[in-house]
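> The structure under discussion is supplied below as C-alpha cells; questions concerning it will follow.
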Amino acid sequence: LLKALSVVLREMPEFNSSLDDTNENLILKNYYHLGVAIDAPSGLTVPVIHDVDQKTVFDLSEELMDLSVRARDKKLKPGELKGGTFTISSLGGIGGTGFSPIVNPPEVAIMGVSRSTWKEVYDKVTGAFVAQFIMPFSFSYDLRVIYFSAAVSFPSSFSDVLSDLDSFEN
C-alpha cells in the first residue's frame, strides 16, 4: 500500500503537499514520507517512513515491522515521528468496513484502510459473479487544497495502481 501510494502521490502532487504557516501558499513536496498510524498501548502513534518511492516493497515491509514493534514498546526516536507528507491508517487488524480518518496537519490528506475480504462481485463483461479480494478504503482531505475532481480521481487512481502491481518496481 505504501509503494502504491507513492506512485499515486507522484501523479497527483496536491495530495502530497501542505499549506504554509499563513495558509495562503501551497507547498508541493517532491519526496514521499508516509506516516503509518499504529495502535500502540499508549495510544495512536504515527511514525514516518521516509523516501517510500526509493525503497523496495521488501525494504518497506522490514521498516514498517521495525517501526511497529518500537512504537508499541515506546522506543521510537523523535525524528521518526516527524516530516510526514501523507498518512495511512488501518482498521484491518481490528475489523470494520469503513471509517473517516482525520487529516494530520500540516498534511492535507489521509487514507484509511479497512479489513480486506473475498466477495462475490458482478463482472459486467462475463455477466457472472466472480470472487474478488476487496479492500475497502476511504480518505479525508483538506477542501482548501484538494478540489472535488481530484478527490473523485484519487481512489480510482489508487485502485488502478493496486490492480497493476507491475506499475512499480519491487
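> Please go through region 62-103 and pick out each residue that is over 12 Å from the mean Cα position of the chain (by Cα), surrounded by 14 or more Cβ atoms within 10 Å (Cβ to Cβ) and among the polar types (S, T, N, Q).
S68
> Among the residues of region 116-145, write down those that are open to solvent by less than 40 Å² (accessible area, probe 1.4 Å) and within 13 Å of the chain's Cα centre (by Cα).
Listed by number, the residues that qualify are P136, S138, F139, S140.
> Before we move on, is E14 part of a helix (DSSP H, G or I) and either within 14 Å of the chain's Cα centre (by Cα) or not aromatic (F, W, Y) (or both)?
It is true that E14 is part of a helix (DSSP H, G or I) and either within 14 Å of the chain's Cα centre (by Cα) or not aromatic (F, W, Y) (or both).
> Given (1) open to solvent by less than 30 Å² (accessible area, probe 1.4 Å); (2) over 16 Å from Y32 (Cα atoms); (3) touching a helix residue (DSSP H, G or I) at 6+ places or on another chain (Cβ under 8 Å), where does V113 come up short, assuming only one miss?
Of (1) open to solvent by less than 30 Å² (accessible area, probe 1.4 Å); (2) over 16 Å from Y32 (Cα atoms); (3) touching a helix residue (DSSP H, G or I) at 6+ places or on another chain (Cβ under 8 Å), only one is false for V113: (3).
> While we're looking at this one, here's another question. Looking for whichever is aromatic (F, W, Y) and either touching a Gly at 6+ places or on another chain (Cβ under 7 Å) or in contact (Cβ under 8 Å) with a residue 24 or more places away in the chain (or both) here; the options are F99, F129. Which one fits? It would help to see each step written out before you state the result.
Working: F129 fails: either touching a Gly at 6+ places or on another chain (Cβ under 7 Å) or in contact (Cβ under 8 Å) with a residue 24 or more places away in the chain (or both).
Answer to the selection: F99.
> Still on this structure, please answer the following. Could you run through region 26-35 and say how many residues are in a loop (DSSP other than H, G, I, E, B) and open to solvent by 70 Å² or more (accessible area, probe 1.4 Å)?
Selection size over region 26-35: 2.
> Quick check on this structure: which one of I49, I38 is in contact (Cβ under 8 Å) with a residue 40 or more places away in the chain, β-branched (V, I, T), within 26 Å of S156 (Cα to Cα) and open to solvent by less than 80 Å² (accessible area, probe 1.4 Å)?
Details: I38 fails: in contact (Cβ under 8 Å) with a residue 40 or more places away in the chain.
None of the other options fit; the residue is I49.
> Six or more apart or on different chains, Cβ atoms under 9 Å: show the pairs whose first residue is in region 141-166 and over 25 Å from T22 (Cα atoms) and whose second is in a helix (DSSP H, G or I) and small (G, A, S).
That search, which allows pairs on different chains as well, returns F158/A4; D160/S167; V161/A4; V161/S167; L162/A4; L165/A4.
The values are calculated or read from the model by the stated rules, or taken from the named source; none is laboratory data. Keep in mind the model is a prediction, meaning the values are calculated, not measured. Please note: Cβ atoms are built from the backbone with ideal geometry, for glycine as well, and neighbour counts cover all protein chains shown. With ligands, DNA and RNA removed, areas are computed over all heavy atoms of the protein, side chains included. Shrake-Rupley method; radii C 1.70, N 1.55, O 1.52, S 1.80 Å.
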